[in-house]
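**Student:** One structure follows; several queries about it will come next.
The values are calculated or read from the model by the stated rules, or taken from the named source; none is laboratory data. Because the structure is a prediction, the values reported are computed rather than measured. FYI the Cβ positions are ideal-geometry reconstructions off the backbone, even for glycines, and counts take in every protein chain you see.
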Amino acid sequence: MKILVAVDGSDYTKRMLAYIAAHDIWRAPSHEYSVLHVVPALPPRAAAALDRDVVQSYYADEARAVFTPVRAFFEEHGLSPDYMSKVGPAADVIAHTASEGRYDLLMMGSHGHSTLGSLVLGSVAGKVLSHCRTPLLLVR
């Protein structure tokens, strides 16, 4: 199974990784994992005022901070996923990547807001769910 794992470095990502660790079925060698982190784009005026290398370095540093513990987790469990870092609105980028990459499953952590909370606050998971045709496993 080709699985896309969306991570943001939060406690919800940690819970999702713990879910993978707790269930042998997700650590089967037949699974092909890709890990995606989406860095929000800098505001255009800020990006324009900075050197392009500084902006790219910022995006790379943000991704590295999130990927470091995730890499350790996957290595500990004998899995070697591909890692992707993209820039943009998280929900749109995650949904697009899952669809375009023809993944069989998308896994991500969720805050677990109530329906009213999701309407008021918005939610990356909710937006991904509404924009993505790839089956989605949300771990709370």
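**Student:** Residues 12, 83: which one is among the aromatic types (Phe, Trp, Tyr), modelled with pLDDT of 95 or more and either closer than 20 Å to residue 125 by Cβ or surrounded by 14 or more Cβ atoms within 10 Å (Cβ to Cβ) (or both)?
**Tutor:** The unique qualifying residue is 83.
**Student:** Let me ask something additional. Of all residues in the range 42-62, which are among the acidic types (Asp, Glu) and in contact with a strand residue (DSSP E or B) (Cβ under 8 Å, 6 or more places away or on another chain)?
**Tutor:** Once the filter is applied, which keeps residues that are among the acidic types (Asp, Glu) and in contact with a strand residue (DSSP E or B) (Cβ under 8 Å, 6 or more places away or on another chain), the range 42-62 yields only 62.
**Student:** Looking only at helices (runs of 4 or more DSSP H) that lie completely in the range 19-101, which have at least 2 residues being within 26 Å of residue 132 (Cβ to Cβ)?
**Tutor:** Because the criterion is at least 2 residues that are within 26 Å of residue 132 (Cβ to Cβ), the helices (runs of 4 or more DSSP H) in the range 19-101 that meet it are 52-76, 90-100.
**Student:** Continuing with this model, one more query. Going by the conditions given, is residue 18 touching a strand residue (DSSP E or B) at 6+ places or on another chain (Cβ under 6 Å) and of a type in the set (A, V, I, L, M)?
**Tutor:** When the stated conditions are applied, residue 18 does not pass them.
**Student:** Considering only the range 13-46, state which residues are in contact with a Phe, Trp or Tyr (Cβ under 6 Å, 6 or more places away or on another chain) and over 18 Å from residue 61 (Cβ atoms).
**Tutor:** 17, 20
**Student:** Quick check on the range 113-140: of everything there that is in a loop (DSSP other than H, G, I, E, B) and at pLDDT below 85, which residue is farthest from residue 10 (Cα to Cα)?
**Tutor:** Restricting to residues being in a loop (DSSP other than H, G, I, E, B) and at pLDDT below 85, the top hit is 114.
**Student:** Next question, about the same structure. Only residues in the range 42-64 that are under 17 Å from residue 88 (Cβ atoms) count as the first member; pair them with residues that are outside any helix (DSSP H, G or I) and of a type in the set (S, T, N, Q), Cβ under 6 angstrom, at least 6 apart or cross-chain, and list the lot.
**Tutor:** The qualifying pairs are 63/85.
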